[in-house]
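Data first, discussion second: the structure below is written as structure tokens.
The values are calculated or read from the model by the stated rules, or taken from the named source; none is laboratory data. Predicted, not measured: the structure shown is a model, and the values here were computed from it. Positions of Cβ are backbone-derived with ideal geometry, glycine not excepted, and every protein chain shown enters the neighbour counts. Just the protein is used for accessible areas: all its heavy atoms, side chains included, with ligands, DNA and RNA removed. Shrake-Rupley method; radii C 1.70, N 1.55, O 1.52, S 1.80 Å.
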Amino acid sequence: MKALKERILRDGKCFPGGVLKVDSFINHQMDASLMRSMAVEFVRRFASARINKIITVEASGIAPAIMVGNLLELPVVFAKKKKTSTMENMLCTTIHSFTKGKDYTVCVSSEYLGPEDKVLFIDDFLANGNAALGILDLVQQAGASLEGMGFLIEKAFQKGGDKLREQGIHVESLAIVDSLDDCTIRLRD
Ligand code: 5GP
């Protein structure tokens, strides 16, 4: 998606270890107009999918997910990183965080994810695919079906995209980073 790619090249910052920082328009300060345009693009790309719910992981997936949910007039559920005592019938899974280098547990209530659900997963980044595979695990535990996965930015030099596509998952990424070597951002055309 042209507008996102231009913005990444203009404002994205490269960090050692293959980390791209987009804090000025996605991850800290957010550009709501761009976020909306990205959601419009997801709606276009998943137009043929039959979806009744959007799912994401807190915190960085919530903004793009809620924009998509707003456009499609569908509920948005986010997997929570903290279990609270008031949450009942939780489905949980463990995810390894690429950016933090540690494991964490995410949970979703079976009240909000069940066998009747056909979900679209939305997240900001796809790196090694751990968050996405964790969500797939929750969807399977719930007996729901996964209709697709949409990412704002995919880092193709990590293997998440391959893992998901090999499983036959419909994956859409609005910008694909081929390399961050030498702290230069190289995007796919
Ligand atoms: P994965 O689970 O695919 O390895 O990593 C995806 C998650 O890690 C995303 O939800 C995102 O929050 C975070 N992440 C991975 N790579 C990057 C990156 O280069 N920059 C930022 N800001 N977050 C990332």
Selection count where residues are modelled with pLDDT of 95 or more and of a type in the set (Phe, Trp, Tyr), scope region 95-119: 1
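Of the residues in region 148-162, how many are of a type in the set (A, V, I, L, M, F, W, C), within 9 Å of the ligand (Cβ to nearest atom) and not in a strand (DSSP E or B)? Explain how you work it out, then say what you get.
Quick first cut of region 148-162, residues of a type in the set (A, V, I, L, M, F, W, C) only: 149, 151-153, 156-157.
Still in the list and also within 9 Å of the ligand (Cβ to nearest atom): 151, 153.
With not in a strand (DSSP E or B) added as a condition, the list becomes none.
Final tally of qualifying residues: 0.
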Matching residues, region 87-103, being under 16 Å from Leu138 (Cβ atoms) and away from the ligand (no atom under 11 Å from the Cβ): Met87, Glu88, Asn89, Met90, Leu91, Cys92, Thr93, Thr94, Asp103
Selection count where residues are under 15 Å from Asp124 (Cα atoms), in a helix (DSSP H, G or I) and in contact with a helix residue (DSSP H, G or I) (Cβ under 7 Å, 6 or more places away or on another chain), scope region 1-39: 10
Inter-residue pairs, beta-carbon under 6 Å, first among the charged types (D, E, K, R) and in region 112-123, second open to solvent by 70 Å² or more (accessible area, probe 1.4 Å), 6+ apart: Lys118/Arg50
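Quick one: in region 40-72, of everything that is in a helix (DSSP H, G or I) and within 13 Å of the ligand (Cβ to nearest atom), which residue is most open to solvent (accessible area, probe 1.4 Å)?
First pass over region 40-72, keeping only residues in a helix (DSSP H, G or I): 40-45, 62-72.
From the residues that got through so far, the ones that are within 13 Å of the ligand (Cβ to nearest atom) too are 62-65.
Details: Ile62: 50, Ala63: 24, Pro64: 4, Ala65: 0 Å².
It comes out as Ile62.
Against the condition open to solvent by less than 60 Å² (accessible area, probe 1.4 Å), of a type outside the set (Phe, Trp, Tyr) and more than 17 Å from the chain's Cα centre (by Cα), how does Ala79 come out, does it pass?
Numbers: open to solvent by less than 60 Å² (accessible area, probe 1.4 Å): yes; of a type outside the set (Phe, Trp, Tyr): yes; more than 17 Å from the chain's Cα centre (by Cα): no.
Criteria not met by Ala79.
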Flag if Phe25 is of a type in the set (Phe, Trp, Tyr) and within 16 Å of the ligand (Cβ to nearest atom): yes
Residues of region 15-39 satisfying the condition of being touching a residue at least 24 places away in the same chain (Cβ under 8 Å) and open to solvent by less than 30 Å² (accessible area, probe 1.4 Å): Gly18, Leu20, Val22, Ile26, Leu34, Met35, Met38, Ala39
Single unsatisfied condition, Ala131 versus (1) out of contact with any helix residue (DSSP H, G or I) (no Cβ under 7 Å at 6 or more places or on another chain); (2) part of a strand (DSSP E or B): (2)
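Matching residues to (1) in contact with a strand residue (DSSP E or B) (Cβ under 6 Å, 6 or more places away or on another chain); (2) modelled with pLDDT of 95 or more:
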| site | (1), (2) |
| --- | --- |
| Gly17 | no, no |
| Val22 | no, yes |
| Asp31 | no, yes |
| Thr56 | yes, yes |
| Ala65 | yes, yes |
| Leu72 | no, yes |
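Does Ile95 satisfy the condition of being surrounded by 14 or more Cβ atoms within 10 Å (Cβ to Cβ) and in contact with a helix residue (DSSP H, G or I) (Cβ under 7 Å, 6 or more places away or on another chain)?
Numbers: surrounded by 14 or more Cβ atoms within 10 Å (Cβ to Cβ): yes; in contact with a helix residue (DSSP H, G or I) (Cβ under 7 Å, 6 or more places away or on another chain): yes.
Spelling it out, Ile95 is indeed surrounded by 14 or more Cβ atoms within 10 Å (Cβ to Cβ) and in contact with a helix residue (DSSP H, G or I) (Cβ under 7 Å, 6 or more places away or on another chain).
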So Met87, is it outside any helix (DSSP H, G or I), in contact with a helix residue (DSSP H, G or I) (Cβ under 8 Å, 6 or more places away or on another chain) and either basic (Lys, Arg) or open to solvent by less than 70 Å² (accessible area, probe 1.4 Å) (or both): no
Any hit, region 108-122, residues being surrounded by fewer than 21 Cβ atoms within 10 Å (Cβ to Cβ), closer than 30 Å to Ile8 by Cβ, away from the ligand (no atom under 16 Å from the Cβ) and not β-branched (Val, Ile, Thr): no
